[in-house]
Each structure stands twice: as structure tokens, then as C-alpha cells.
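Okay, so here's the structure we're looking at.
The values are calculated or read from the model by the stated rules, or taken from the named source; none is laboratory data. All values reported here derive from a predicted model rather than from experimental measurement. Using ideal geometry, Cβ is built from the backbone for each residue, glycine included, and neighbour counts are taken over all protein chains shown. The area values use the complete protein model at the heavy-atom level, side chains included, leaving out ligands, DNA and RNA. Shrake-Rupley method; radii C 1.70, N 1.55, O 1.52, S 1.80 Å.
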Amino acid sequence: MLLLIVEDGKNLKDFMLAFDVARATMQKDIALLKAHQFVVFGGEAKSGVYRLAEEFKLKLEI
């Protein structure tokens, strides 16, 4: 979450490199965040990024 707050968007590969985890692991983690409406995906399938959901940003007051 902190990466998304600081950098306002990351793609799956960026997350994998930042946390040194496998693609499958990162996909599961992102799916969990999406299920709880913490993150949203925007852009094209291969070049899009994950960002914090606006509703979640409001709760954080950032």
C-alpha cells in the first residue's frame, strides 16, 4: 500500500521486483486487495497499473 501511496501506481512486474516474489504470489495478493476494493487497475492489459481506489484514499485522508 505504501508503494501505491508514494508512487501513485505500479504494474505487476514492479510489485514482483519490489517484493522479490513470484508472479503467482503477487497475482494472489493483488486479487485480495482488489476484492476488498483497496486497489483498482487502469489502462491496457499489458501496460496498465494498479492504483489505490479513490474511496480508500479518502479513508486515509491523503
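Worth pointing out:
- Residues of region 36-46 that turn out to be open to solvent by 80 Å² or more (accessible area, probe 1.4 Å) and either within 8 Å of the chain's Cα centre (by Cα) or without any contact (Cβ under 8 Å) to a residue 12 or more places away in the chain (or both), as a count: 4
- Yes/no for Glu7 being among the acidic types (Asp, Glu) and either open to solvent by 100 Å² or more (accessible area, probe 1.4 Å) or at positive phi (or both): no
- Meets criteria (at positive phi and in contact with a helix residue (DSSP H, G or I) (Cβ under 9 Å, 6 or more places away or on another chain)) for Gln37: yes
- Scan of region 15-26 for residues that are over 10 Å from the mean Cα position of the chain (by Cα), surrounded by 10 or more Cβ atoms within 10 Å (Cβ to Cβ) and in a helix (DSSP H, G or I), ordered by number: Met16, Leu17, Ala18, Phe19, Arg23, Thr25
- Cross-chain or 6+ apart pairs with Cβ under 9 Å, region 7-32 first and more than 13 Å from Val49 (Cβ to Cβ), then among the polar types (S, T, N, Q) and modelled with pLDDT of 95 or more: Met16/Thr25; Phe19/Thr25
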